[in-house]
Amino acid sequence: MPDMLLPDDGAVSLRAGIGGAIRLGACERPYAEDPYPFLDYAVEIRGGGVQASVLVRSLGGDDLPGFLRDLAAGFRGWPGARHWRSLEDQLRIDATHDGLGHVTLLVRLRRRPYADDWDLAIPVIVEAGAEMTALADRFEVYFSDALG
């Protein structure tokens, strides 16, 4: 399982690839009085001598935990790739199953919403069943803590 941390500061970190890492900083509500559950969080990717970070805008987590739960439910595999993206498209996840019990999550960052000036991706390999469920659980806590 990728090393997942939910430190006291509300961040989540994942080990990715050889020497790589993905870190999601603590979620914040930019408009606390807004009835819509907008959340902002910084995402940083490091690996292969490259590092990038962006601020991601989300609507209550954009159902990332649900996407991960669906992947866990499909632990036997699926053809092709499954896709998830954040509200303004700064963060994307493309998931593929190897048919042998492992899912590769290709985590992608973009500098600005819908911009094509740069796109950085790093793979995270997760066991298809219990580990994927644990990952979904972590992200559910991550977003629900921010929403209060």
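Jot down the per residue volume, in cubic angstrom and as a whole number, of the convex hull over the alpha-carbon atoms of region 55-124.
Values: hull volume 5.7 nm³, N = 70.
Given the Cα convex hull of region 55-124, per-residue volume reads 82 Å³.
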Subject >> Shape category assigned to region 11-148 from the gyration tensor of Cα positions, a/c cut at 1.5 >> reply: oblate
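Quick note: the coordinates plus some simple rules give every number you see, no bench work behind them. Since the structure is predicted, the reported quantities are computational estimates derived from the model, not experimental observations.
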